[in-house]
There are 4 protein chains.
Amino acid sequence: MGKLSREERRAQLIEATIKVLAIKGYARTTLSDVADCAGLSHGLVNFHFQSKDLLLSETLAYLSVEYVQNWRTALANAAKDPAAQLTALIRADFRPELCTPQRLAAWCAFWGEAQSRPLYQEKCGSNNAEYVAKLEELCAALLGPNGNAVRVARAIRVTAEGLWMDLVTQVDPYSLVEAENTAIACMAAFFPALSPAD
Amino acid sequence: MGKLSREERRAQLIEATIKVLAIKGYARTTLSDVADCAGLSHGLVNFHFQSKDLLLSETLAYLSVEYVQNWRTALANAAKDPAAQLTALIRADFRPELCTPQRLAAWCAFWGEAQSRPLYQEKCGSNNAEYVAKLEELCAALLGPNGNAVRVARAIRVTAEGLWMDLVTQVDPYSLVEAENTAIACMAAFFPALSPAD
Amino acid sequence: MGKLSREERRAQLIEATIKVLAIKGYARTTLSDVADCAGLSHGLVNFHFQSKDLLLSETLAYLSVEYVQNWRTALANAAKDPAAQLTALIRADFRPELCTPQRLAAWCAFWGEAQSRPLYQEKCGSNNAEYVAKLEELCAALLGPNGNAVRVARAIRVTAEGLWMDLVTQVDPYSLVEAENTAIACMAAFFPALSPAD
Amino acid sequence: MGKLSREERRAQLIEATIKVLAIKGYARTTLSDVADCAGLSHGLVNFHFQSKDLLLSETLAYLSVEYVQNWRTALANAAKDPAAQLTALIRADFRPELCTPQRLAAWCAFWGEAQSRPLYQEKCGSNNAEYVAKLEELCAALLGPNGNAVRVARAIRVTAEGLWMDLVTQVDPYSLVEAENTAIACMAAFFPALSPAD
DNA sequence: GATGAATGAGCCTTCATTCAT
DNA sequence: GATGAATGAAGGCTCATTCAT
């Protein structure tokens with residue numbers, strides 16, 4: 001195996017970890033699996049990540065950063081009115097680059113563990129304070145003073161999360177586009193003035 | 001240890017399994033943990049359930065049966081018009097008897113594994129064909145011929161699932177009642193004619 | 001392998017540990033060696049001693065207790081005058097039951113590690129406060145007020161320790177009796193009034 | 001890293017090995033520790049010493065040569081009568097340049113392993129044939145034909161060894177000077193004609 | 001010479017499973 | 001039925017050694 005720089009190897013190993021998590025789930029993922037998947041020796045994994053725990057938490061951090069960057073970019077590229085921003089925020093969750101079966105499955109594996117691992121909880125979606133604040137802000141702007149923005153924001157957020165899980169676990173799958181349209185439909189139901197997609 | 005019947009012991013061990021899954025997560029649950037939690041000896045677990053795999057899949061089956069019975073009972077006790085039936089179906093998901101922190105956490109643990117375990121997938125919520133069919137039927141009745149009942153049913157279903165996960169993983173929790181109200185608000189958004197709760 | 005009580009197995013494993021330490025030294029002693037030497041599976045070692053560290057420190061504690069009991073018994077069985085007590089204390093160090101090649105070698109292995117392991121230091125001979133106090137007390141009684149009892153006691157003590165090490169490491173060995181006589185000769189040199197052995 | 005000659009690098013690595021042995025003991029000394037301690041890269045150790053085993057045995061050889069040179073020089077510088085030679089031989093063992101805590105601890109680490117490693121045994125003190133022969137010769141000269149020179153020489157030798165070990169392992173330490181005086185006191189006890197120090 | 005990534009053997013440890021009592 | 005000792009497979013981790021750069 002040729003030598004790569006520190007960062008390249010780490011990225012390679014993290015991608016391999018995502019693949020293995022998707023195939024075998026959290027509980028049965030071993031360092032040998034990850035090494036095999038990357039075509040490297042198992043000793044190298046501990047050389048670059050001091051332990052299995054660290055490899056996994058850095059993999060989650062990697063996914064988490066990727067997720068945040070995705071919706072930030074989407075907001076930056078959208079028109080600045082609340083309706084367009086909210087639509088962009090929701091659609092961002094279903095971009096094909098991010099919503100690969102592997103990444104969704106890896107997220108799912110982490111979610112299952114997060115409930116018993118405070119360190120994971122922090123990085124799992126619902127606890128991204130910035131994301132939640134943004135969503136609530138947009139809902140508040142669209143609802144006016146009489147709406148319950150926190151609740152509507154939560155409904156929209158958990159719908160997206162539920163759809164992600166659904167995409168992974170369900171036996172009879174539907175397309176990513178259909179998932180996105182479902183999320184947009186939910187938004188449209190709360191804000192009838194916005195014209196729904198489809 | 002006093003002697004209990006076969007079924008009582010099995011139920012005792014399954015409840016202990018739920019507790020341990022909630023505390024330690026799927027990956028780190030061991031048979032010793034379960035035995036300790038039940039106050040029983042190590043070897044007894046394998047005596048009653050032939051293997052760890054069997055203990056876990058029967059625990060999931062137990063939770064699954066409990067879940068199905070819960071919504072069936074709720075439907076049976078509700079008025080027969082579609083609006084009342086749909087409301088009852090959604091509210092059933094948030095009954096305090098079922099939505100204990102332990103049970104929610106145990107479900108979460110199984111969901112994380114389900115993506116890589118076909119045997120688990122079948123029993124995880126979104127794949128309960130009967131439940132989905134009922135939900136779609138009610139949505140169709142309320143939406144009329146022009147609505148997309150499959151999509152609306154899906155939105156309502158994943159919202160409930162997302163709320164369950166949210167109740168488990170989020171750092172800053174809200175009440176079960178608030179979760180229920182969020183689900184009802186989502187339904188109300190899709191069917192404005194139905195008067196919302198709160 | 002038939003089943004033995006907890007204490008019997010622990011003693012058996014500790015004896016096996018002593019044997020292996022004597023043959024392979026501290027650094028190259030493995031749990032598999034110990035298990036093989038005892039004719040048991042390696043898993044059993046961790047079942048009875050939670051870790052390798054614990055097995056080793058309990059082995060040292062076992063040797064330490066054995067050592068203390070040996071000289072206490074010797075003192076109790078000797079005449080009560082200081083000369084007889086001192087002679088008994090020194091001779092006790094060379095009783096064949098205690099000074100087997102295996103035990104001496106195991107002690108030696110622990111000594112080598114003790115310098116970098118405070119936990120071991122406490123149990124290695126020179127730090128047995130009771131033993132040192134007794135030795136100094138007897139030397140003081142025999143020397144009278146003008147002698148340097150602390151120094152003489154130290155000389156006698158380190159001679160015994162040095163002889164133990166010598167018995168283990170030297171290429172051209174001499175007998176246990178000769179070692180004992182050397183220690184007694186050293187004592188006799190400090191207390192000419194006592195008639196030397198040989 | 002500046003470039004040093006082959007021999008300088010080797011000496012640097014050997015001194016680092018002594019330091020690490022003193023801190024971590026034999027069993028837990030790794031090549032990485034040694035490289036870190038010397039401020040050199042990992043791979044360099046194996047470049048200069050073909051293996052860990054070789055590094056360690058050359059470190060022992062280095063200490064051994066140093067030890068022999070020390071007492072040879074001491075004998076050469078002392079008066080030629082047996083009493084002065086013997087005194088010089090004993091005092092040489094406690095010269096502060098040689099008896100640093102690090103060197104004593106490193107010796108101790110090797111002693112612990114020597115019992116199971118014939119290669120080490122040869123270089124550990126008691127087996128230095130030349131030293132033992134010299135000591136016995138001096139004792140014989142001082143004792144006359146009726147003394148047991150082998151035994152007295154042994155007593156003196158093991159006392160010095162025991163004091164070295166004591167200096168390393170004991171919890172409540174005393175000074176190097178006190179150790180030297182203890183050794184001299186032992187010699188004086190065997191040869192009352194020689195006036196003791198202190 | 002020097003570096004540090006890469007390899008793989010070996011070890012400790014965990015734990016599901018078996019089984020004698 | 002019930003217990004807990006015993007087994008052994010499997011995985012994480014360490015670390016000596018190699019080698020491309």
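Computed from the coordinates by the stated procedures, all read-outs in this text should not be read as laboratory data. Just so it is clear, the model here is predicted, and its values are computed rather than measured. Heads up, the Cβs are rebuilt from the backbone with ideal geometry, glycines too, and the neighbour counts pull from every protein chain shown.
Using a Gaussian network model of chain C whose springs link C-alpha atoms within less than 10 Å, name the residue from C:Q121, C:Q85, C:Q170 with the highest mean-square fluctuation. Top of the fluctuation ranking is C:Q170.
The charge dipole of the protein assembly as shown, taken about its Cα centre with unit charges on the Cβ atoms of Lys, Arg (+1), Asp and Glu (-1) only, comes to about 460 debye.
Any idea what the relative contact order of chain B is, in percent, if you count C-alpha pairs under 8 Å spaced at least 6 apart?
With pairs under 8 Å counted, the relative contact order is 20 percent.
Stretching D:S51 away from D:K80 to a fully extended chain increases their span by 6.0 nm, per 0.36 nm per residue minus the current alpha-carbon distance. From the alpha carbon centroid of segment D:142-198 to that of segment B:10-60 is 66 Å. Size descriptors for segment D:23-91 (Cα atoms only): Rg and Dmax, in that order, 17.9, 52 Å.
Over chain D, DSSP H runs of length four or greater, each weighted -39,500 (n - 2.57), average out per residue to a 222 nm ellipticity of -23000 deg cm²/dmol. Residue by residue, segment D:25-32 carries 3J(HN,Hα) couplings of x, 5, 5, 10, 7, 10, 5, 5 Hz when phi is fed to the Karplus relation 6.51 cos²θ - 1.76 cosθ + 1.60 (θ = phi - 60°); x denotes Gly or Pro. Axis between C and A by rotation; chain C residue with nearest Cβ and distance in whole Å recorded as C:S51, 9. Residue-normalised convex hull volume from the C-alpha trace of the protein assembly as shown: 233 Å³ per residue. Rounded to the nearest Hz, the phi-derived 3J(HN,Hα) couplings of segment C:39-44 under the Karplus curve 6.51 cos²θ - 1.76 cosθ + 1.60 (θ = phi - 60°) are x, 10, 7, 5, x, 5, where x marks glycine and proline.
Explain nothing, just compute: Karplus ³J(HN,Hα) = 6.51 cos²θ - 1.76 cosθ + 1.60, θ = phi - 60°, for every residue of segment C:78-83 in order, whole Hz, x for Gly and Pro. Each residue of segment C:78-83 in turn: 8, 4, 8, 6, x, 4 Hz. Taking 0.36 nm per residue of separation and subtracting the Cα-Cα distance, full extension of the segment from B:I23 to B:A129 would add 35.1 nm. Bridging of D:K24 to lysines at a Cα separation below 21 Å is possible for C:K24, C:K52, C:K123, D:K52, once same-chain residues fewer than 8 apart are set aside.
Mean projected area of the Cα convex hull of segment D:6-190, taken over all directions, amounts to 11.3 nm².
Between the residues B:A189, B:P145, B:V168, the greatest Cα displacement towards the positive end of the dipole of segment B:110-198, with unit charges on the Cβ of Lys, Arg, Asp and Glu, is found for B:P145.
Mind pulling the per residue volume of the convex hull built on the Cα atoms of segment A:145-198? Å³ is fine. Please list the in-between numbers first.
Values: hull volume 3.6 nm³, N = 54.
Residue-normalised Cα hull volume stands at 67 Å³.
Where a ≥ b ≥ c are the square roots of the eigenvalues of the C-alpha gyration tensor, would you call segment D:1-61 rounded, which needs a/c under 1.5, or, failing that, prolate if a/b is larger than b/c, or oblate? Prolate is the answer for segment D:1-61, as a/c is 1.5 or above and a/b outweighs b/c. With K and R counted +1 and D and E -1, the other residues having a Cβ less than 12 Å from that of A:L63 yield a net charge of -1.
Between the Cα long axis of helix A:6-24 and the first principal axis of chain A there is an angle of about 70°, rounded to the nearest 10. The long axis of helix C:52-77 is offset from the longest Cα principal axis of chain C by roughly 30 degrees.
Between identical copies, the spacing of A:R10 label points, each set 7 Å from Cα toward the C-beta atom, reads 4.0, 4.6, 5.1 nm from nearest to farthest. Peptide D:117-124 shows a mean partner chain C-beta count of 2 within 10 Å per residue C-beta. Once both labels are positioned 7 Å from their Cα atoms along Cα-to-Cβ, the gap between B:T100 and A:D36 label points is 4.0 nm. Here chain B is treated with +1 on each Lys and Arg Cβ and -1 on each Asp and Glu Cβ, and its dipole about the Cα centre works out to around 400 debye.
Compared with the dominant Cα axis of chain C, that is its longest principal axis, helix C:149-169 is turned about 40°.
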